[in-house]
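Read-outs throughout are calculated quantities, based only on the coordinates presented, and are distinct from any laboratory measurement. Remember, it's a predicted structure, so these values are computed and weren't measured experimentally. Here the Cβ positions follow ideal geometry from the backbone for every residue, glycine too, while neighbour counts run over all protein chains shown.
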């Protein structure tokens, strides 16, 4: 059964996040709040975690998992970023945007798209999410916590604990999140292409 960690939304207790991060290091999945909705995360170096994330959501291997990074410099370690893409990312991070980019060799094949070799990647604008990535000491694989067969993400930690406590190692309760997913923008073409409108404001990045 999952452990429940109730943390302060503005000043998350590092001790609690470290404890949750240890469960992540032991191979568990952890639900955390973000600036869009709650997400389930796992360590990038966990060989079975990508399959576990997809199984929890009922997703196939063609569905992009998202890599949560601490900053723009970390993005460029895991994705190929040219000058044009870098300028766009600098404008849009941190924020509730997921970017589709070509993955570098640092990204395991089990995580990237099987045919396109791309990865979803973002820097959340959320104190708890960023503090948890820092506590884990590594970027994290993630997927929005949308129950299989439903179309709305969950934003209440207590409900997540009740519904997924058997499948998760921990739930980090930082209070309610938005009910919107991230805005997804494909940066692999000649110009940015909006694949999904969500929480991220398109006008703020010059796309609306």
Next on the checklist: Rounded to whole Å, give me the distance from the Cα center of segment 58-85 to that of segment 152-208.
Outcome noted: 15
Checklist entry - Between residue 116 and residue 151, what FRET efficiency follows from the Cβ-Cβ distance if R0 is 22 Å, with the result rounded to 0.05? => result 0.35
Checklist entry - When 180, 142, 14 are ordered from fewest to most other Cβ atoms inside 10 Å of their Cβ, what list results? => result 14, 180, 142
Item to check | 19 Å cut-off, amide nitrogen to a point 7 angstrom out along residue 167 Cα→Cβ, residues in segment 104-124 | outcome: 111
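Express the Stokes-Einstein translational diffusion coefficient of segment 1-97 in µm² s⁻¹, to the nearest whole number, given a Kirkwood radius over alpha-carbon pairs, 37 °C and a viscosity of 0.692 mPa s. Could you put the intermediate results ahead of the total?
Numbers: Rh = 15.5 Å.
Using the Kirkwood radius from Cα pairs, D works out to 212 µm²/s.
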Checklist entry - Cα axis of helix 14-25 to longest principal axis of the chain: angle in degrees, 0 to 90, nearest 10? => result 80
Item to check | 21 Å tail of the calculated P(r), segment 47-139, as % of Cα pairs | outcome: 32
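Taking only DSSP H segments of four or more residues, each worth -39500 (n - 2.57), what value at 222 nm results for the chain once the sum is divided by all its residues, to the nearest 500 deg cm²/dmol? Walk me through the numbers before you get to the answer.
Numbers: 6 runs with 56 residues, N = 208.
That calculation yields -7500 deg cm²/dmol at 222 nm.
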Item to check | Gain in span if fully extended, residue 90 to residue 190, counting 0.36 nm per residue against the direct Cα distance | outcome: 34.2 nm
